[in-house]
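Since the structure comes first, as structure tokens, the remarks are kept for the end.
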Amino acid sequence: MKWLLRTFLAVLVLAIALVAWWLSAQHHPALPPATGTAANKDPALIARGAYLATVGDCAACHTAQGGKPYAGGRALPTPFGDVPAPNLTPDDATGLGQWSFDAFWRALHEGIGRDGRALYPAFPYTSYTKVSRDDAFALFAYLKSLSPVHSETAAPSLRFPYDLKASLATWRTLYFRPGQFVPDPKQSAEWNHGAYLVQGLGHCNECHVTRDNLGGLPAGETLTGGQIPAQNWYAPDLSTRAHGGLQGWSADDIVALLRTGQSAKGAAFGPMADVVMQSTQHLHEDDLHAIATYLQSLPPRPARAAGGSPLDTAALLGRGGDLYGKQCASCHRKDGQGAAGVYPALAGNGAVVEPTGINAIRIVLLGGFAPTTAAHPRPYSMPPFAQQLNDADVAAVVSYIRRAWGNDAGAVMERDVAAYRHTPVE
């Protein structure tokens, strides 16, 4: 039976490779230069597009540090190499100046550039394919209204064999199916609007799900949580129901976090702090409530295995408890409940009990910096402890908070702390 299974897998891999080769050989035509239209200059349309660009957090990837907005230049890290984000300003030579709306729509919906080449999925067209044509048109009108910036886009620095056209064709064959969002007639208008925002421009599933070894999003997995590739942060499960990463969160808790960066249940740190600062704090109230309605409909998750391990010794947890009392309790309180709106609770905190322990380790080492928002222009931050605590200390205190106050997550090891101590901040 084993040889039969191996033969089947070999034939399957060969078949996929042949299909990928065939697809890579197919020609996607280059599209002609744009011709301007008066509709693109409509102020209301441009304003709508500016808002949609904020919903999609487009500037975060398409603006280099210290660079002009949307002029590209930022290298997006992936496990396979870096992919630079292109210039989205209407510069004729290096940006979208020669792009028509049809070319822009094809890139957003099909992941194919104006020159006919397939785009790398660092550009999340796996989500953007769900965006409606009307919203894409408004977004295009806004980008075309920007001041042109001449800014060349560097070539991707992908390792072999990921730099091969056939590899990209294989990936697309396995993981990408274009298709606009289709409303669910069984759900409310608010639910459908929230689903459209989360699944489309919000592209939340791109981070909040565990990717496989080829960087693909598993079919049927929706916002179940996962480690963000090449960034070493864990994006939590977003279900508010039993065993979900946001278990017990109300719609108001979700809205508060997205609008202010803080809620009674937790605060935004790491990459999510940037999302709140640049994107979600600017969303309209009805959009935030629609997102919360959709997230609250996510199903319960399977019960997680108990967090106990051979490392959960009395000595380890005792040491962690002592360190917590000396270093942490003055802010987060002895009972782990924190101070609402100031210091987040650690008891039942999804960022604390996520499966890997990465988030808690990195926050202890590097500090926790909540986003600056209109509602919280001067948020309290947690100082870094990398200079005060060694790897064994950090492992002990993180293991303690993952086991205290009813938390039931596994202990972490010194080698985990050592690995993340020297991981660059992203």
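The values are calculated or read from the model by the stated rules, or taken from the named source; none is laboratory data. Since we're looking at a predicted model, the values are computed, not measured. Every residue, glycine among them, receives a Cβ derived from its backbone with ideal geometry; neighbour counts consider all protein chains shown.
Whether a residue is surrounded by 15 or more Cβ atoms within 10 Å (Cβ to Cβ), over 25 Å from Ala235 (Cα atoms) and of a type in the set (Val, Ile, Thr) was assessed, and Thr129 does not pass this test. Only one of the listed residues (Phe181, Phe137, Phe160) is outside the structural domain of Ala93 (by TED's automatic domain parsing) and either of a type in the set (A, V, I, L, M, F, W, C) or under 20 Å from the mean Cα position of the chain (by Cα) (or both). That residue is Phe181. Looking at the range 180-226, which of the residues that are aliphatic (A, V, I, L, M), in contact with a helix residue (DSSP H, G or I) (Cβ under 7 Å, 6 or more places away or on another chain) and part of a loop (DSSP other than H, G, I, E, B) is surrounded by the most Cβ atoms within 10 Å (Cβ to Cβ)? Ranking the candidates gives Leu201 first. Scanning the range 317-341 for residues that are modelled with pLDDT under 85 and surrounded by fewer than 16 Cβ atoms within 10 Å (Cβ to Cβ) turns up just one, Ala340.
Every listed requirement among (1) small (Gly, Ala, Ser); (2) modelled with pLDDT of 95 or more; (3) under 25 Å from Thr89 (Cα atoms) is met by Ser151 save one, (2). Of the residues making up the range 329-362, those that are more than 22 Å from the chain's Cα centre (by Cα) and under 21 Å from Ala418 (Cα atoms) number 0. Residues in the range 145-161 that are assigned to a loop (DSSP other than H, G, I, E, B) and surrounded by fewer than 17 Cβ atoms within 10 Å (Cβ to Cβ): Ser147, His150, Glu152, Thr153, Ala154, Ala155, Arg159, Phe160, Pro161. Here is the figure for the range 180-239: residues that are hydroxyl-bearing (Ser, Thr, Tyr) and within 16 Å of Pro299 (Cβ to Cβ) total 3. Here the condition is being at pLDDT 95 or above and more than 22 Å from His282 (Cα to Cα); of Val182, Val198, it holds for Val182 alone. Of these, Asp92, Asp115, Asp102, which one is outside any loop (DSSP other than H, G, I, E, B) and acidic (Asp, Glu)? Of the residues listed, the single one that is outside any loop (DSSP other than H, G, I, E, B) and acidic (Asp, Glu) is Asp102. Within the range 286-316, the residues that satisfy the criterion of being assigned to a helix (DSSP H, G or I) and at pLDDT 95 or above are Asp286, Asp287, Leu288, His289, Ala290, Ile291, Ala292, Thr293, Tyr294, Leu295, Gln296. Of the set (1) crowded, with 22+ Cβ neighbours inside 10 Å; (2) touching a Lys or Arg at 6+ places or on another chain (Cβ under 7 Å); (3) not aromatic (Phe, Trp, Tyr), all apply to Leu365 but (1). When Tyr142 is tested against (1) more than 21 Å from Ala103 (Cα to Cα); (2) crowded, with 21+ Cβ neighbours inside 10 Å; (3) of a type in the set (Ser, Thr, Tyr), exactly one condition is not met: (1). I need the full set of residues from the range 229-240 which are surrounded by 19 or more Cβ atoms within 10 Å (Cβ to Cβ) and among the aliphatic types (A, V, I, L, M), in order please. Selection gives Ala235, Leu238.
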